[in-house]
Amino acid sequence: MKNILIILAVLLFSVNVEASVKTKIVEYKQGDATLEGYLAWDDAKNAKRPGVLVVHEWTGINDHIRQRTEMLAKLGYVAFAADIYGKGIRPTAQAEAAKTAGIYKDDRPLLRARARAGLEVLKKQKLVDPQRIAAIGYCFGGTTVLELARDAADLKGVVSFHGGLSTPTPQDAKNIKAKLLVLHGADDPFVNAGEVAAFQDEMRKGGVDWQFISYSNAVHSFTNKAAGTDNSKGAAYNEKADRRSWQAMRTFFAEIFK
């Protein structure tokens, strides 16, 4: 009987923890563009806490990004998924996603402005400590948060998950204030060895505090289950790399937010 009561108590606690995470859609502006982000936080706590900006893949805010935002809230952060593309722009076909992402990859000032707009929304949340902010991004989002760092954003840390590493302005590395953690698929065909080497050289020349972790047998999109498991396609989910990279992020956050 005692064991049954313990199990019931654990289950009830789990339900309460789950129910304490709140989410909402947040509409905001950057210039003339209307954007629509996704906010998640733990409503059971009233104290201010670190905030984490989350930036989406090339398909825009989707189930994967909403899930990661909620996972961060469960860890005790206020998490905000920024919308780089604009309200209602959620490409599904690869060609359409590539074209949409290309607009921002070819216009880094616009990409940085969209990321900064999301960062400002996060900083204004009443439960966020604006002195303790980090940014994470996936694929296209990894590129975005690295550009945000190069733009001298006031961040404690930046984490890129299987993101693009190149930039047209490598000299901007000298502006980086944040510590960086780059989590990379060792077999990623879309971010090749030359791009990795150029990025690391950029970080050294910029005097940046950076870490770079490569995961064996992992290709692009290794955190996204929707990518399937066929590495030959160049983008595939990898459970081990997903789990290890998330833990690496948690350890990194424990350091920068201590």
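Coordinate-derived values only; no laboratory data. Small disclaimer: the values here were computed from a predicted structure and weren't measured. FYI the Cβ positions are ideal-geometry reconstructions off the backbone, even for glycines, and counts take in every protein chain you see.
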Binned Cα-Cα distances of the stretch 21-256, short to long, each 10 Å bin given as a whole percent: 8, 36, 39, 16, 1
For the pair Ser214/Lys99, report the inter-label distance in nm, with labels modelled 7 Å from Cα in the Cβ direction. 3.6 nm
Whole-Hz Karplus ³J(HN,Hα) for the stretch 223-240, in order, using 6.51 cos²θ - 1.76 cosθ + 1.60 and θ = phi - 60°, x for Gly and Pro? 9, 9, 4, 5, 7, x, 10, 9, 4, 5, 7, x, 9, 7, 6, 9, 4, 5
Relative to the present Cα-Cα distance, how much length would full extension add between Glu27 and Asp106 at 0.36 nm per residue of separation? 25.9 nm
Taking Lys45 as the anchor, which aspartates and glutamates have their alpha carbon closer than 18 Å to its alpha carbon, excluding any fewer than eight residues away along the same chain? Glu18, Glu70, Asp129
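How big is the antiparallel share of DSSP beta bridges in the chain, given as a percent to the nearest 5? Mind dumping the intermediate values first?
Details: 13 of 41 bridges.
Among the beta bridges of the chain, antiparallel pairing accounts for roughly 30 percent.
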List, in order, the whole-Hz ³J(HN,Hα) value for each residue of the stretch 188-196 obtained from phi through the Karplus relation with A = 6.51, B = -1.76, C = 1.60 and θ = phi - 60°; use x for Gly and Pro. 5, x, 8, 10, 7, 4, x, 5, 4
For Asp129, which sequence-distant residues (separation of 5 or more, or a different chain) have an amide H within less than 5 Å of its own amide H, given hydrogens modelled in the peptide plane? Arg49, Gly51
Could you work out how far apart the two model spin labels at Thr251 and Ala152 are, taking each label as a point 7 Å from the Cα in the direction of the beta carbon, and quote it in nm? 3.3 nm
For the table Lys74/Lys105; Lys156/Lys205; Lys22/Lys177; Lys156/Lys233; Lys29/Lys205; Lys74/Lys240, the rows whose alpha-carbon distance is greater than 24 Å are Lys74/Lys105; Lys22/Lys177; Lys156/Lys233; Lys29/Lys205
So what is the calculated 222 nm ellipticity per residue for the chain, using -39500 (n - 2.57) for each DSSP H run with n of 4 or more, over all residues, to the nearest 500 deg cm²/dmol? -12500 deg cm²/dmol
Using θ = phi - 60° and the Karplus curve 6.51 cos²θ - 1.76 cosθ + 1.60, what whole-Hz ³J(HN,Hα) does each residue of the stretch 102-108 get, with Gly and Pro shown as x? x, 4, 8, 5, 8, 10, 5
Nonlocal amide H pairs with Val54, under 5 Å, H built at 1.01 Å: Phe80, Ala81, Ala82, Ile136
